[in-house]
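Have a look at the structure below before the remarks.
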Amino acid sequence: MPEKRKDMALVVLTCLFMYGFLLWAVLKPVDAQSASERRPLAAPPAASWDAVFSGDFMADFEEYALDQFPLRDKLRTVKALTALCAFRQKDNNGVYLQDGYISKLDYPLDLSSVDYAASRFRYVYEQYLVDKDMAVYLSVIPDKNCYMAAEHGAPTLHYAELVDALRTRLDFAQYIDIFPFLELSDYYRTDSHWRQENITDAAQYLAGQMGATLSGGYTRHLAESPFYGVYYGQAALPLPGEELYWLSHAALEDCQVYDYETGTYIPFYDAEQAAGRDPYSFFLAGPKSLLKIENPHAASGKELLLFRDSFGSSIAPLLAEGYASITLVDIRYISPQMLGQFISFTNQDVLFLYSTSVLNNSETIK
């Protein structure tokens, strides 16, 4: 009899667990966004005869059920801790942890992607820069894996091969090597990007190689909101937030940043963005197709065209001291064919500054 009661209790508990979660999933409000993963969640699929008979309804419903499952984020954390700690896996869904730093595997090297990126940069050169007296430069920003993958035993890109391939295809540009000025501590622990307060030496070297001068002497400020990077949600690990610092300089106090998308002036740093969905958007308002920084107190009349990805948002305020103006162009968000409508392409230096992660996954470039 006691054994029968034990079996009955087990059945009842199992049913309560299964049907309790089912009822919870049905009754809970639908979440539109995942704050931790920074993506929209699947909504309930619309039912129709065509969708049911084609199988699309059940496929969409499965995605919806997975996205809207109760305690989803907490269960993701349990899964991640189990995979990394109990089963001793090297990574969880392509994200790995090493000495408190999180990164995402980016491997192998995709030379076809590098070729495509180079073809778009060459298009800009041939369309707007060829036969003009404008100095053209190229620099590559390594991702975090360059400084942490080997110690973790994780596969990584062949960075020298990537750089050599890009330089060969962009033989019109003078290459500036900033790899020696970077190390793991220059990057956020939970994000892919570099820390502005740690890249002043790289910025000075970059500017110096282009004939501009940065005096240094920045003042460091701490943002009120803790920083949780893009890998924080992807890793689903219980990690603390980071400190977000930003730099100011007396020579930059009267600078203005014009946003061509909105037709308004925006600040270098936006405190509201630091507490938002993408805290790195604190720097120059995040993803923007076309911006122009104007510095009325620049030591020279030099101007710079900076073709960049998101890493450029935090280094551009440092470079601004050395230029009367810097035009930031992100051809992931604006077609190169349209640039002649906004940029004169005369008497400027030109810098193509891109991260290895974008070069190795360049399908986002227009």
Requested in this report: Considering each residue of the stretch 205-216, count those that are of a type outside the set (A, V, I, L, M, F, W, C), open to solvent by less than 60 Å² (accessible area, probe 1.4 Å) and part of a loop (DSSP other than H, G, I, E, B), and give that number.
Outcome: 2
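From the set of residues in the stretch 345-366 that are among the β-branched types (V, I, T) and buried (at least 16 other Cβ atoms within 10 Å of the Cβ), which is nearest to S325 (Cα to Cα)?
Taking the stretch 345-366 and keeping what is among the β-branched types (V, I, T), we get 346, 350, 356, 358, 364-365.
Next, only the ones that are buried (at least 16 other Cβ atoms within 10 Å of the Cβ) stay: 350, 356, 358, 365.
Working: V350: 12, T356: 26, V358: 25, I365: 24 Å.
Ranking the candidates gives V350 first.
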**Report entry** Residue among Y159, Y175, Y188 that is buried (at least 18 other Cβ atoms within 10 Å of the Cβ) and either hydroxyl-bearing (S, T, Y) or in contact (Cβ under 8 Å) with a residue 12 or more places away in the chain (or both)
**Finding:** Y188
Report summary line: Residues of the stretch 122-141 being hydrophobic (A, V, I, L, M, F, W, C) and in contact with a helix residue (DSSP H, G or I) (Cβ under 8 Å, 6 or more places away or on another chain), in sequence order, are V124, V136, L138, V140, I141
**Report entry** Residues of the stretch 25-51 that turn out to be at pLDDT 70 or above and farther than 27 Å from P279 by Cα, as a count
**Finding:** 8
Query raised in the report: Of the residues in the stretch 292-336, how many are of a type in the set (A, V, I, L, M, F, W, C), touching a Phe, Trp or Tyr at 6+ places or on another chain (Cβ under 7 Å) and farther than 14 Å from T213 by Cα?
Result: 4
Query raised in the report: Being touching a strand residue (DSSP E or B) at 6+ places or on another chain (Cβ under 7 Å), in a helix (DSSP H, G or I) and charged (D, E, K, R), is that true of even one residue in the stretch 217-238?
Result: no
Report summary line: Within the stretch 287-336, residues outside any strand (DSSP E or B), free of Cβ contacts under 8 Å to residues at least 40 places away in the same chain and open to solvent by 50 Å² or more (accessible area, probe 1.4 Å) come out as G301
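In a loop (DSSP other than H, G, I, E, B), open to solvent by 10 Å² or more (accessible area, probe 1.4 Å) and within 26 Å of K90 (Cβ to Cβ) - does that describe any residue in the stretch 144-154? Please lay out each step first, then the result.
Here is the first cut: in the stretch 144-154, the residues in a loop (DSSP other than H, G, I, E, B) are 144, 153-154.
Then drop every residue that is not open to solvent by 10 Å² or more (accessible area, probe 1.4 Å), which leaves 153-154.
After this cut, where a residue has to be within 26 Å of K90 (Cβ to Cβ) as well, the list is 153-154.
So far as the stretch 144-154 goes, yes, one or more of its residues are in a loop (DSSP other than H, G, I, E, B), open to solvent by 10 Å² or more (accessible area, probe 1.4 Å) and within 26 Å of K90 (Cβ to Cβ).
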Requested in this report: Taking the residues in the stretch 244-262 that are among the hydrophobic types (A, V, I, L, M, F, W, C), in contact with a helix residue (DSSP H, G or I) (Cβ under 8 Å, 6 or more places away or on another chain) and not in a loop (DSSP other than H, G, I, E, B) as candidates, determine which candidate is nearest to S281 (Cα to Cα).
Outcome: W246
Report task. Being modelled with pLDDT under 95 and under 18 Å from the mean Cα position of the chain (by Cα) is the filter; apply it to the stretch 105-143 and report the residue that is surrounded by the most Cβ atoms within 10 Å (Cβ to Cβ). Result -> D106
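The values are calculated or read from the model by the stated rules, or taken from the named source; none is laboratory data. Quick caveat, the model's predicted, so the values are computed rather than measured. Here Cβ is always computed from backbone atoms with ideal geometry, including for glycine, and neighbour counts include all displayed protein chains. Only protein heavy atoms, including side chains, enter the accessible area calculation; ligands, DNA and RNA are left aside. Shrake-Rupley method; radii C 1.70, N 1.55, O 1.52, S 1.80 Å.
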